[in-house]
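The values are calculated or read from the model by the stated rules, or taken from the named source; none is laboratory data. Nothing here was measured: the structure is a model prediction, and the numbers come from that model. Note: ideal-geometry Cβ built from the backbone for every residue, glycine included; neighbour counts use all protein chains shown. Heads up: the accessible areas ignore ligands, DNA and RNA and are worked out on the full protein's heavy atoms, side chains in. Shrake-Rupley method; radii C 1.70, N 1.55, O 1.52, S 1.80 Å.
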Amino acid sequence: MSPPFILPLSACEDPRLVGGKALGLGRLLRAGFPVPDGLCITTEAYRRHLETQGLVSQAQWASVMSAGEPEQRAVLEQCRSLILKLDISALADECREHMSRWGAASDTWAVRSSGSQEDREGASFAGLYRTHLAVPGASLDHAITQLWASVWEEQVVRYLLQKGRANEVPAMAIVIQPMVAARAAGVAYSCHPVTARRDQVMLNAVPGLGAPLVAGSASPDEFVIEMKEAGEPVRIASRMLGGKVEQLVLRRDGLRMEPVGESERSAPVLSDHEAFALARLVKQVERSLGCPVDVEWAIDDAQVWLLQGRPISVVRTSEGLTDDRCEWSRANFKETLPEVPSPLGLSFLRHFMDAYIVEHYRRLGCRIPEGLSAVRTLDGRPYLNVTLFHSLVGQLGGDPSLNAEQMGGEPLQSAPSFQKLGALALIRAGWLMWRELRRVERRGPRWFAEMQQRASHYGTAIVRDWPLAELDRHLEELARWLDGHEVTFGIAAGVGQCLQTFSALLPRWLGDDWRRLMNQALQGQGTVISAQQIVRLAELTQVARQDAVVSRGLELGWDLASLRRHAGSTAFLASFARYLDDYGHRGIGESDIMSPRFSDQPDALLDVIRVQLRAPASEPADILARQRSTRTTALAAIRSRLRRRWDRWILFNWWYRRLCRFFSLREANRHHLMYYSAAVRNLLLSFGRRLVERGTLQSPDDVFFVTLEERAALRSDRERDWSALVKARRAERDRWLTLTVPDTIRRWGEAAGTNLTSQADHEEDGLRGIPISAGEATGPVRLIRFSADWSNVQPGDIIVAPVIDPGMAPLFGIAAGLVVEMGGTLSHGAIIAREYGLPAVANVLKATTLLRDGETVTVDAGSGIIRRGSASGY
């Protein structure tokens, strides 16, 4: 007797016939758990229907696996095409007859994969096969063939090859159940999936249907519930709320993404009573199946439903790193991003870190645990996984203890264990690294010039009237261009390599103050493009002094429009226009594409020139001479301390010149990446204007409130309420801006479960940090938290800020010193401060809280100490 084409879920017992998902649901149904009844289209139906098109699974699959990549892609596409042409009307009619017992044929159904290899040990196939939700009965045949065709996707082939199962031929069974109109859904684990504690249940929950959670596009609420041995809940050990902006809901006309209500966003998806009930239920499933399980669940207006149940085949405490075991820091991100970046900016940051930084470490042979993140967000702020980068540097044989000094942030409290790469792997990594550094040095300058050219091709006036399709095409083209021309990793590696070498050699050669001498030796190179704007501003100030109308207008507070109106065509306005041509694409928080640039708000630069006019005249040539003198003196001191060791002096010179080159490249890379960013920003704003005209968005800058993945859908998905989504995200960002977060997180669950407010710590007479630019300066504190504070800075002030945003560079020509709460020797702001010769100390914890505006301090940037004096009343 031939196996059946259709089985009720309660009769699904043969995994080869019904696949993993149907098998698990059948077990739950037979045990009496609340599962929506349904049916299974078996793997026999799949095989027999494929045979009608001449597709013999075994033979066809073998030919796919043996083919080269281009031929393989063509064969797979042909197989999918044949499957989609199958006539399965008889099978669909039989399904509808079976389904009539649960509702009319016009009801909607969940049509889900149940592959023969799904949910097996070591190969879950999660996310590889398609799922169709809210399918009308009349569309069953199309949904079924789509699922069958999904077996013949390239991603399935790659997955099987990766898992070493190329000889296994997958077959597709299908589960069909009535849709649950869920108001909440998620996943429950009967034991903690990370720590393997059997006395804890973990729940992930989102509002509405659970598809966005399974797809990874929703941030869930997470509950960890402590349990008694009898399976009764004791208490909620931790509750971490996710960002609930949208929910997928079932309506009469199908599925819709709708904004989450204002009051529900900050409230838990589940009440304590519901969380306890789910924890109790999942423990009952564990006892019934005899092993730890994870269960997909949904709650409608009537009850809890179980939508999938499968054993957690291997439960053990993870030997590798996991996100929750890592330490996280705002270092590096805090200095170049706004306090709360845009959704588009955050999604690009994640892509940038994964594609252009972490992927390079993988190519070098570093071991990175599956699922480990480089970036995580709390209340809209991004954090860097410093534990991960500690491990990566250590695997390559470097000294990871220098990471905090170079990148900023607090030292790692709990260092991870890691295994250094073997000798042959290190030789290979060294060769690959050398090739990357050579690529950067040879091609970087040419690519920087290309970035600048692209910015001129995509000026605001040029792209303003382009149609939507044209804008979309150019945005995609720019993205592909960056994939082949990004050099940030190689440049950072070159700088890090030099600093690692100096950290190993110079303490023995020069003594304890070697950092002070090196910081001085790095001043006045004249090649750091970001620092050159300071001298250019000084030159602009000199031009303004020589024009009575301009200097008088600036003294009276004229903005740029007033200057143009009253001063006419002056040398100052021409010079200012050239300055904006060269530096107008820079700005505060410039790494977020939503942030305005100096060309958008040029009056901020006029404020700096206005202050410089009030100060004693300073010749730009004097600034450059002072920097060169400091560098020459420091290099002479280093040469003197090396005495007659010519070998050491030659070695020092080689690495010193190399460090100077890579520091210059580092700033040139950022400077020109901002040209690239300006081009993308102009295209996006025009893209937003077209969508405003179409009624999709309310404002052109709404485009910054969608993610990279969503932007592609903006043009085609007219049914989605994009304006409501943007409104909800703007409100969420406004709420996040009222909250403060720690700069370092060592226990993510604790930090994420608490809304922090700023606290005044005990004030001390002295503060200490990392010296990043040598020198000493005394003056009144000037707190700079926002760009609006720029106009408060006076000559001789000590700027105290959260970070050194590179956009602050124009202020360095006014200030006497700089103190920041976070930063390192490798930060962009540090390089600019060093080149200009501004005494600067970073990583001074809570400096903006402990120091008061106007009080006098002395910045000793040789030792990294800030000494407080009496308030000056300035």
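Please work out the Cα center distance from region 170-219 to region 141-161, rounded to the nearest Å.
Centre-to-centre (Cα) distance: 22 Å.
Which angle from 0 to 90°, rounded to the nearest 10, does the C-alpha axis of helix 571-583 make with the longest principal axis of the chain?
With both axes taken from Cα atoms, the answer is about 40 degrees.
Is the shape of region 362-410 rounded, prolate or oblate, going by the alpha carbon gyration tensor and its root eigenvalues a ≥ b ≥ c, with a/c under 1.5 for rounded and a/b larger than b/c for prolate?
oblate
If you add up the charges near G862, with Lys and Arg at +1 and Asp and Glu at -1, over every other residue whose beta carbon is less than 10 angstrom from its beta carbon, what do you get?
In short, -1.
Within region 676-742, which trypsin sites (Lys or Arg not before Pro) sit in a loop by DSSP and count at most 16 neighbouring Cβ atoms inside 10 Å?
Here the trypsin sites (Lys or Arg not before Pro) that fit, given the DSSP loop and packing criteria, are R718.
Could you size up the charge dipole of region 606-711 around its Cα centre, putting +1 on the beta carbon of Lys and Arg and -1 on that of Asp and Glu, and report it in debye to the nearest 20?
Value, rounded to 20: 1140 debye.
Sort Y383, Y676 by accessible area with a 1.4 Å probe, largest first.
Y676, Y383
So how strong a dipole does the chain carry about its Cα centre when Lys and Arg Cβ are +1 and Asp and Glu Cβ are -1, to the nearest 20 debye?
2820
Tell me which GluC sites (Glu not before Pro) from region 206-291 have a DSSP coil assignment and no more than 16 other beta carbons within 10 Å of their own.
Answer in residue order: E229.
With each run of n ≥ 4 DSSP H residues scored as -39500 (n - 2.57), what mean residue ellipticity at 222 nm is computed for the chain after dividing by its residue count and rounding to the nearest 500 deg cm²/dmol?
After summing the helix terms and dividing by residue count, I get -14500 deg cm²/dmol.
Using the Cα centre of region 495-637 as origin and beta-carbon charges of +1 (Lys, Arg) and -1 (Asp, Glu), tell me which of Q533, Q497, A548 is placed farthest towards the positive end of the dipole.
Final value for the positive-end residue is Q497.
Can you pull out the trypsin sites (Lys or Arg not before Pro) in region 612-678 that DSSP calls coil and that have at most 15 other Cβ atoms within 10 Å?
The qualifying sites are R643, R644, R645.
How would region 650-711 be classified by its alpha-carbon gyration tensor: rounded, prolate or oblate, with rounded meaning a/c under 1.5 and the a/b versus b/c comparison settling the rest?
Prolate is the answer for region 650-711, as a/c is 1.5 or above and a/b outweighs b/c.
Below 13 angstrom from the Cβ of A188, what's the summed charge of the other residues (Lys, Arg +1; Asp, Glu -1)?
Cβ neighbours under 13 Å give a net charge of -3.
Karplus couplings for region 711-727 from phi (6.51 cos²θ - 1.76 cosθ + 1.60, θ = phi - 60°), rounded to Hz, Gly and Pro as x?
Each residue of region 711-727 in turn: 4, 5, 7, 4, 6, 9, 8, 8, 7, 6, 8, 5, 4, 5, 4, 4, 4 Hz.
Roll a 1.4 angstrom probe over the protein heavy atoms and tell me the percent of accessible area of region 484-629 that is carbon or sulfur.
It is 51 percent, rounded to a whole number.
Enter the accessible area per residue of the chain (Å², integer; probe 1.4 Å; all protein chains in place).
Here the per-residue accessible area is 43 Å².
Does region 449-532 classify as rounded, prolate or oblate by the C-alpha gyration tensor (a ≥ b ≥ c root eigenvalues; a/c under 1.5 gives rounded; else a/b over b/c gives prolate, otherwise oblate)?
The shape class here is prolate.
What's the center-to-center distance, using Cα atoms, between region 397-467 and region 573-635 in Å?
26
Dipole size in debye (nearest 20) for region 324-401 around its Cα centre, Lys and Arg Cβ +1, Asp and Glu Cβ -1?
120
Could you give the alpha-carbon Rg of region 210-299 over 2.2 N^0.38 Å, rounded to two decimals?
That works out to 1.24 for region 210-299.
Taking the alpha carbon gyration tensor of region 398-555, what are the square roots of 5 times its eigenvalues, largest first, to the nearest whole Å?
Equivalent ellipsoid semi-axes, largest first: 39, 30, 15 Å.
Beyond a 31 Å Cα-Cα separation, which of these cross-linked pairs lie in this structure: K283/K334; K21/K244; K21/K420?
Beyond 31 Å: K283/K334; K21/K420.
Compute the angle between helix 423-457 and the longest alpha-carbon principal axis of the chain, please, reported from 0 to 90 degrees and rounded to the nearest 10.
Roughly 70 degrees between the two axes.
Summarise the long-distance tail of P(r) for the chain by giving the % of C-alpha pairs beyond 48 Å.
Tail fraction, whole percent: 31.
Per residue of region 810-824, what does 6.51 cos²θ - 1.76 cosθ + 1.60 with θ = phi - 60° give for ³J(HN,Hα)? Whole Hz please, x for Gly and Pro, Karplus curve as stated.
Each residue of region 810-824 in turn: x, 6, 5, x, 9, 6, 9, x, 9, 10, 9, 7, 8, x, x Hz.
Across bins of 10 angstrom width beginning at 0, how are the C-alpha pair distances of region 614-750 distributed, in whole percent?
Once binned at 10 Å, the Cα pair distances of region 614-750 give 9, 19, 18, 18, 17, 13, 5, 1.
So how tilted is helix 89-99 from the main axis of the chain? Cα-based, degrees 0 to 90, rounded to 10.
90
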